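Have a look at the structure below before the remarks.
The values are calculated or read from the model by the stated rules, or taken from the named source; none is laboratory data. Predicted model, so just to flag it, every value in this text is computed and none were measured. When we count neighbours, we look across all protein chains shown, and the Cβ atoms used for this are built from the backbone with ideal geometry, even at glycine. In case anyone asks, the SASA skips ligands and DNA or RNA and just uses the protein heavy atoms, side chains included. Shrake-Rupley method; radii C 1.70, N 1.55, O 1.52, S 1.80 Å.
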Amino acid sequence: MNFKTLIISSLFAFVCFNFVQAQQPSTKVREKFETYRDSLKQVTYNYTFPVFGQGAYNKGFDIPYPVGIMGNFMFMEQGITVDNLQLGLDTRLINIGLTPVNFIQFGNNVNTSYTVNVRPDVWVFPFLNVYGIFGYGHSRTEINLVYPITLQFIVEQNVSSVGVGLMFAGAVGSVFFSVDANFTWNKPELLDEAVPLRVTGIRFGHSHVFKNRPDRNIAIWVGGFFMETGSNTSGQLKLKDALPSADGVKRDEIVNNYYQWYNNEASIPQKVIADQILTPIVERLADADGEAVIKYGLDKQVQQKWNGIIGAQYQANKSWMFRTELGVLGNRKSVLLSLNYRFLM
């Protein structure tokens with residue numbers, strides 16, 4: 001049975017993890033910035049975006065350049081769950097449709113992934129940023145089967161992603177906040193269809209402005225990160241890609257363990273289901289029929305939807321920013337590195 005597709009490779013993805021922490025609209029209320037604030041109020045803003053940009057400058061807000069392109073690299077590790085497994089089999093002589101196998105049990109399953117993506121964006125209003133996501137990554141998923149036999153699968157695959165997002169942001173003095181939400185479609189190469197992924201980030205932080213460079217600052221923040229995937233997954237693949245049928249020792253071990261469970265432990269209801277789908281699959285494995293096709297359907301989800309985040313950003317000027325963010329507090333661990341270039345348009 002292939003758990004290459006049980007795999008939420010992308011999740012990883014994928015995801016496509018895009019946290020927007022560009023320049024935040026802000027005013028500096030300390031006395032040493034009064035001259036700079038006064039100069040902002042004299043700015044004539046003749047650009048289309050953000051809408052109400054002139055009004056923001058009139059009030060002394062130092063708004064970011066409206067258009068940006070951000071490059072992100074993210075590494076992530078997190079637990080996943082697999083439920084409601086269905087299996088089917090297709091050979092030259094047999095065609096078995098998807099059959100629920102509810103007594104199969106999984107242990108701790110872990111996905112490790114990295115992704116590189118590009119995020120173009122525009123500040124439509126001084127408080128609203130709209131962006132797109134285009135990414136590509138790699139996923140490694142470890143699936144541990146604990147019943148009726150003990151077996152570990154290591155699955156690696158590439159994942160592409162595309163998505164859209166919104167961020168609301170604001171500031172009072174040097175304290176800022178943002179609420180960021182995006183939706184991506186992540187396509188692992190071994191799945192039939194793309195996996196939807198919903199991400200929300202909430203951040204609160206403080207910005208320290210350099211004494212002689214009001215356009216340069218260092219910001220730090222804390223917050224929470226929410227992730228949820230589409231749960232339904234289906235696909236198919238050849239038996240030789242799902243189980244180590246080419247390895248005679250491992251193949252014999254799997255077959256022997258299965259029949260030991262079947263003959264000594266399985267209940268009558270379990271044997272009924274096993275005879276419908278598991279035994280035919282094991283027989284194909286025993287015969288080293290690597291061309292047999294296993295069909296599958298399942299529900300999968302991240303183990304913990306929320307985790308904590310901490311981050312920092314260095315803004316060299318209004319065009320260039322570098323930031324990093326760490327995922328903490330929970331079984332999801334992540335590292336984000338990001339470079340952002342912004343410009344007027």
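So the values come out like this:
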item	result
Nearest-20 debye value, the stretch 293-345 charge dipole, Cβ charges on Lys, Arg, Asp, Glu	80 debye
Pairs from K240/K333; K250/K305; K271/K295; K240/K295; K59/K211 whose Cα-Cα separation, in the structure shown, is over 25 Å	K240/K333; K250/K305
Segment V175-N158, length gained on full extension (0.36 nm per residue, minus Cα span)	2.2 nm
Label-point separation, R216 to N232 (7 Å along Cα→Cβ), nm	5.5 nm
Magnitude of the charge dipole, the chain, Cβ model with Lys/Arg +1 and Asp/Glu -1, debye to 20	1740 debye
Length gained when the stretch N264-V328 is fully extended (0.36 nm per residue, less Cα-Cα span)	18.6 nm
Solvent exposure of the chain as accessible area per residue, Å², 1.4 Å probe	44 Å²
Residue (of G201, G53, V82) at the positive-pole extreme of the chain, dipole from beta-carbon charges	G53
Per-residue [θ]222 nm for the chain (sum of -39500 (n - 2.57) over DSSP H runs n ≥ 4, rounded to 500)	-4000 deg cm²/dmol
Separation in nanometres of the label points that stand 7 Å from Cα toward Cβ, at N257 and T200	4.0 nm
Relative contact order for the chain, counting Cα pairs under 8 Å that sit 6 or more residues apart, in percent	23 percent
Separation of alpha-carbon centers, the stretch 196-221 and the stretch 261-321, rounded to whole Å	38 Å
Mean separation of Cα contacts under 8 Å, 6 or more apart, over the residue count of the stretch 211-345: relative contact order %	34 percent
Carbon plus sulfur fraction of accessible area for the chain, probe 1.4 Å, in percent	59 percent
